[in-house]
Amino acid sequence: MPKATWNGAVIAEADAAKVQIVEGNVYFPPEAVNMALLRDSQTHTVCGWKGTASYYDAVVDGKINKDAAWYYADTKDAAKHVKGYIAFWKGVSVEP
């Protein structure tokens, strides 16, 4: 079962059949993510084939991991399967 953890907390966990793997990153469906541990970031980046990514900071026990998660609120056609899904990096441990 894929799981994302940071600073001792499980941020996301889902059945393998419900996640999407894209470019080596595990994208979790929104309902599998503990949104109480994430807060909106002002960071945005652009991927040529997926679209514009927005970011979340992870906040666990008062510690902040800036831009530790990203998602595509809207996607280009080729990436519709990850629309709204959330992926992690920057020290967040993701077990596929």
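Every read-out reported here was derived from the displayed coordinates using simple, explicitly stated rules and does not represent laboratory data. All figures in this text were calculated on a predicted structure; none of them were measured in a lab. Here Cβ is always computed from backbone atoms with ideal geometry, including for glycine, and neighbour counts include all displayed protein chains.
Considering only residues that are part of a helix (DSSP H, G or I) and in contact (Cβ under 8 Å) with a residue 12 or more places away in the chain, look in region 4-22 and name the one that is surrounded by the most Cβ atoms within 10 Å (Cβ to Cβ). Steps first, please.
Looking only at region 4-22, we keep the residues that are part of a helix (DSSP H, G or I), and these are 16-18.
Going one step further and asking which of them are in contact (Cβ under 8 Å) with a residue 12 or more places away in the chain, we end up with 16, 18.
Details: 16: 10, 18: 14.
Only one residue fits best here, namely 18.
Give the residues of region 35-60 that are over 11 Å from the mean Cα position of the chain (by Cα) and not in a strand (DSSP E or B), sorted by residue number. 36, 37, 48, 49, 50, listed by residue number.
Being crowded, with 18+ Cβ neighbours inside 10 Å and out of contact with any Gly (no Cβ under 7 Å at 6 or more places or on another chain) narrows it down to one residue among 46, 94; which is it?
Details: 46 fails: crowded, with 18+ Cβ neighbours inside 10 Å.
None of the other options fit; the residue is 94.
Taking residue 19, is it within 23 Å of residue 74 (Cβ to Cβ) and not acidic (Asp, Glu)?
Details: within 23 Å of residue 74 (Cβ to Cβ): yes; not acidic (Asp, Glu): yes.
Yes.
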